[in-house]
Amino acid sequence: MNDTRPIGLFDSGIGGTSIWHAVHKLLPYENTIFIGDSANAPYGQKTKEEIISLSKKNIDWLLQRDAKLIIVACNTATMNAVEELRASYNIPIIGIEPAIKPAALNSITKKVGVLATKGTITSKKYSESKTNYPNITFIDQIGYRIVQLIEDGHLHSEELQILLKQYIDPMLQQNIDYLVLGCTHYPYLIPILKKLIPDSVKIIDSGEAVAKQTYKILNELQLLKTDQLLGSSQFYTNKDVEILQSFIGKYGTAQKIDF
């Protein structure tokens, strides 16, 4: 089999490019198409019904472009909509959840910090997932304004650094040894976070796990692109092309769409 149709990814904004980078690193021969719904970011402040509606709109757009598999490159959309999406579409759909499992299984202090959006932390799915680890204390922190600051091009701003310190310091005071990043925007914060936390605190995000799951599903369903030719990548946004471009660098040219 040599299925050259693209892998489709969507996010509430540019954060999902962190997932794209992980997928491309593992599967460089696959074609990909990414849509960042930045005009409606952040999803974390929206209702479950709004998140489902926006997610379906994104998937419909990707299916019109012949996507063979969908990656919901957004924690909030996964936690609030993935079950409805899988019931609505006859296509493999891979979601993203905060990677609390490896943190919980490896924590020595039994204290795990989770930095995520309101839509993720308040979701039923996230609450249920924590019950699998009754011996772990999860210190949850909603990352108010983080997504919006990144979307507006203020990743390296003083305001963002001050916010992160306010969010992380109480976790450190409670002796966490793992920090789970529960939003696809947040891996871009790692260089800043490493200046705020000791080396003994490990940072975990979901990118590598999602990439491995993508390969597993494509292989099982015989959907892999097997011609060994480097894949093409397309990136679209309905807001700021320059900001999206800054996150994809040499890997493609960001394009603006009315969406």
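Overview of values
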read-out	value
Residues (open to solvent by 10 Å² or more (accessible area, probe 1.4 Å), in contact (Cβ under 8 Å) with a residue 24 or more places away in the chain and under 23 Å from residue 150 (Cβ atoms)) located in the range 20-56	21, 22, 24, 25, 39, 40, 41, 42, 45, 46, 54
Selection count, the range 57-89, where residues are of a type in the set (A, V, I, L, M), closer than 16 Å to residue 16 by Cα and touching a residue at least 60 places away in the same chain (Cβ under 8 Å)	6
Boolean, residue 201 is over 20 Å from the mean Cα position of the chain (by Cα), crowded, with 17+ Cβ neighbours inside 10 Å and at pLDDT 95 or above	yes
Cross-chain or 6+ apart pairs with Cβ under 9 Å, the range 105-116 first and at positive phi, then at pLDDT 95 or above and in a helix (DSSP H, G or I)	110/104
Subset of the range 173-195 (residues that are closer than 13 Å to residue 113 by Cβ, open to solvent by 50 Å² or more (accessible area, probe 1.4 Å) and without any contact (Cβ under 8 Å) to a residue 60 or more places away in the chain)	173
Count of the range 106-120 residues which are closer than 30 Å to residue 41 by Cα and either charged (D, E, K, R) or open to solvent by less than 10 Å² (accessible area, probe 1.4 Å) (or both)	8
Any chance residue 128 is under 16 Å from residue 97 (Cα atoms) and either open to solvent by 70 Å² or more (accessible area, probe 1.4 Å) or assigned to a loop (DSSP other than H, G, I, E, B) (or both)	yes
Single residue of the range 57-105 satisfying the filter (among the acidic types (Asp, Glu) and over 30 Å from residue 202 (Cα atoms)) that is most open to solvent (accessible area, probe 1.4 Å)	83
Filtered residues of the range 34-72 (kept if in a loop (DSSP other than H, G, I, E, B) and under 14 Å from the mean Cα position of the chain (by Cα))	37, 41, 42
Test for residue 97: is it farther than 24 Å from residue 143 by Cα and either touching a helix residue (DSSP H, G or I) at 6+ places or on another chain (Cβ under 9 Å) or not hydroxyl-bearing (Ser, Thr, Tyr) (or both)	no
Residue in the range 204-218 that is surrounded by the most Cβ atoms within 10 Å (Cβ to Cβ), counting only those that are among the aliphatic types (A, V, I, L, M) and touching a helix residue (DSSP H, G or I) at 6+ places or on another chain (Cβ under 9 Å)	210
Qualifying residue in the range 216-230 (condition: free of Cβ contacts under 8 Å to residues at least 60 places away in the same chain, more than 28 Å from residue 156 (Cα to Cα) and charged (D, E, K, R))	yes
In the range 219-233, residue farthest from residue 1 (Cα to Cα) [restricted to those that are of a type in the set (A, V, I, L, M) and open to solvent by 80 Å² or more (accessible area, probe 1.4 Å)]	230
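The values are calculated or read from the model by the stated rules, or taken from the named source; none is laboratory data. Everything numeric here is computed off the predicted structure, so don't read it as measured data. So basically every Cβ, Gly included, is an ideal-geometry build from the backbone, and we count neighbours across all protein chains shown. All accessible areas refer to the heavy atoms of the entire protein, side chains included, with ligands and DNA or RNA removed. Shrake-Rupley method; radii C 1.70, N 1.55, O 1.52, S 1.80 Å.
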